[in-house]
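Some notes on the structure that comes next.
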Amino acid sequence: MHVTTPDDGLEPKTKAAGAELPRWRRILRDLFRTRIDKSASRIRLVATLFSCLFLIIAGRLIYLGTKPDPQSLKRAVSEAVAAARPAILDRNGEVLAADVQNMSVYAEPRRILDKDEAVELLTAVLPDLDANDLREKLGSRKGFVWIKRGISRREQQEVFRLGLPGVNFQRENKRIYPNGPVAAHVLGATNVDNQGIAGIEKYIDGQGLADLNGAGFRLTPENLNPINLSLDLHATYIVREELRKGIEKFKAKAGAAAILDVNTGEVIAMASLPDFDPSNPVDALKSDNIDRMTVGVYEMGSTFKALSIAMAIEANKANLASRVDAHTSLRYGRFTIHDFHAQNRILSVPEVFTYSSNIGAARLALMVGVDGHQDFLRKMGQLDRMRTELPESAEPLKPKRWSEISTATIAFGQGLNVAPLQAMMAVGALMNGGYLITPTFLKRSAEEARKVAVRVVRPETSEAMRYLMRLNAEVGSAKAADKKGYFVGGKTGTADKQFHGHYASDRVLTTFMAIVPSDQPRYLVLAMMDEPQGLPETGGYRTAAWNSGAVAGAIVERVMPLLGLPPRFDPPVQPFPDLPKLGVTALNNNGSGAH
Amino acid sequence: MIRFLNALAIMALIGSALYAYSIKYETIFYSEQIVKIRHDIDREHDAIAVLEAEWAHLIRPERIQALADKHLDLQPQALNQIVRPNDVPERQVKVDMIGRKLEALGLSEPTSTPIDITPTDNGTTPSSQQ
């Protein structure tokens, strides 16, 4: 097309036309005629108007972009809906926790026409709804409210038949725990939105699951890998069952028991009574239902003597042939340290262990000194909070001022409160050849454990401690757990509980640690009871050997075959080959000459 | 000729349009099928999850123990009940004990029951039967 410039073609033409047209047509034409010399102001006006228009549009766009979303229904639903969680399995793949789908019914109050009618119909179909509460919810100006979560198929059908506009269904995930209270303390609990609020469930959320859900990823159970715990469901059940029987029999207030794999640090079984059903998370928060293995801190009593003796051997202050004066009570100002089974003579180190001599343990610890004692306990992880996957943990209770008396009493397990699992970690390190391995609740192999393990004592020290544990099961206080074929080693612990600032001898906390088998350690079993009572058949004794020891023995007998550890029929030949180096020459064979 | 070509072109156009439409509708049909099957799969997954949970609930040790205590005469396993393969006694040579007993009693020998030798009409004496 030919473009005409204003000078040549257009100008004369318009002029000619202007001459013959009527006046009003000319005005109209002038109004629409564009001439760069005459209509500059008009063009500017139009340009300004358009600029303003575009500015308004741009401003509006920016406003809409920055304004928080008018909550769309879909978004509101996806935010409110219970998120999917990975299944939790035990070490053999048995289900400990899983998601199932169920339906929930919700409403969009803005779309409900007759609120009173809706309330009436809904409460008729779902009788457990509170009418006032529902009326208030539907009267709100929200775009989305839950009416009831987790309804049955029949209820869903009935609500559907009501045909109320603005009432809809949403599929949700619901967490179920098929084993009830078994392993409850490890699993923890979830709330109605399927968020972990305790235990491993909370740990899973901390691993990024909550972030993924929050970012709007639609997670389904299919695209989440299940989590394998270190627990063995059947072992855990038996541990809980034996503990329950023991608590019932000895009328204890509470108790706890666990099995730790000393080579991998895996917790194979753990129970703490009283416990709760994870499906009812309210109970999980009651203070009586705390996990006594990781959250409760206790004076572990004589089981701590193992640490004191190991420390003295490790520091080369003593060996198994050393002798300790337990002739008289140890006096510190107004404190006097007595022996429960007083021998009133000079004891050898193995005798300190088997007679559970407080004086002997205190003297051994004092040989190392206050600083050495603290360093050793810190190295063994007894002075700092132990962190496992479980979010709940407790700081040990240490003496405010660590004096010589503190060292003397802590040497036999009084004055330092630690979580029982923490004590198990330390004793496990003394047993497994000297590697401190932080316990885990997730499945792991011995190689992975070795990578995080820290050497804390020499292998010879570990062997000496295994020998002492075994000796104690043969001739000492741990006979209750000496199950034939398992070469069990053990140590009892009976600590008087502090009551109104005094140690009350009628309120005790008894613990028992058993190592299975002593020559090639695999599992460390702990049983603990809070305030067990003496019974006629125990001669009125409430010491650990009678109650916690019996429970630990029953656990060994029932669980070990289940864990694939068969009983051996011949006692091991040379279970402790390095003993001659440690000063034991005469007692080389199963400690037959210990007394 | 030109007219024929035009007609042909129009026919081809209509034909290809029809073909394209049929493919389009088929695609829609199949994508609907896919969505439907996905829903079915989801539903089956949910059902499997529910069944697995139910199974886990039914085989929980607590319940099995209660059932075993009620219906079975079994005791808890004791350690002395576990033996090595070597300690299992060798299997005995298979012996026909009943046969031996009969032999010892002399029952396998021919009996001295007197035989009725008088011939009968139909010949059905027990001794004559084979």
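Bear in mind these aren't lab numbers, they're just calculated from the coordinates by the rules spelled out. These numbers were taken from a predicted model, which means no experiment stands behind them. Note: ideal-geometry Cβ built from the backbone for every residue, glycine included; neighbour counts use all protein chains shown.
By the combined test of axial Cα extent (at least 18 Å) and Kyte-Doolittle hydropathy (mean at least 0.0), the qualifying DSSP H helices of chain B come to B:2-58. Considering Cα pairs under 8 angstrom that are at least six residues apart, work out the relative contact order of chain A and quote it in whole percent. Relative contact order here is 13 percent. Helices assigned as whole DSSP H runs in chain A whose Cα atoms extend at least 20 Å along their own long axis and whose mean Kyte-Doolittle hydropathy is 1.0 or higher are found at A:40-66. What shape does segment A:473-545 take by its C-alpha gyration tensor, where a ≥ b ≥ c are the square roots of the eigenvalues and a/c under 1.5 counts as rounded, a/b above b/c as prolate, and the rest as oblate? Prolate, since a/c reaches 1.5 and a/b exceeds b/c. Cβ-to-Cβ counts within 10 Å put A:146, B:55 in ascending order as B:55, A:146, the fewest first. For segment A:240-257, backbone nitrogen atoms closer than 19 Å to the point 7 Å from residue A:541 Cα along Cα-to-C-beta are found at A:246-247, A:249-252. Here the gap between residue A:141 and residue A:371, fully extended at 0.36 nm per residue and compared with their Cα-Cα distance, gives a gain of 76.1 nm.
Cα-based radius of gyration for segment A:279-369, normalised by 2.2 N^0.38 Å, reads 1.48. The value for chain A of Rg(Cα) / (2.2 N^0.38 Å) is 1.53. Kindly work out what percent of the DSSP beta bridges joining two residues of the protein assembly as shown are antiparallel, to the nearest 5. Taking every DSSP beta bridge with both residues in the protein assembly as shown, the antiparallel ones total about 95 percent. In segment A:98-114, which residues have a backbone nitrogen under 19 Å from the label point lying 7 Å from residue B:58's Cα in the Cα-to-Cβ direction? Once the point is set 7 Å along Cα→Cβ of residue B:58, A:98-101 turn out to lie under 19 Å by backbone N, inside segment A:98-114.
Under the criterion of Cα pairs below 8 Å and six or more residues apart, the relative contact order for segment A:375-522 equals 17 percent. Placing unit charges on C-beta atoms (Lys and Arg positive, Asp and Glu negative, everything else neutral), compute the dipole magnitude of segment A:70-198 about its Cα centre in debye, rounded to 20. So the dipole magnitude of segment A:70-198 works out to roughly 420 debye. Per residue, the convex hull spanned by the alpha carbons of segment A:336-395 comes to 139 Å³.
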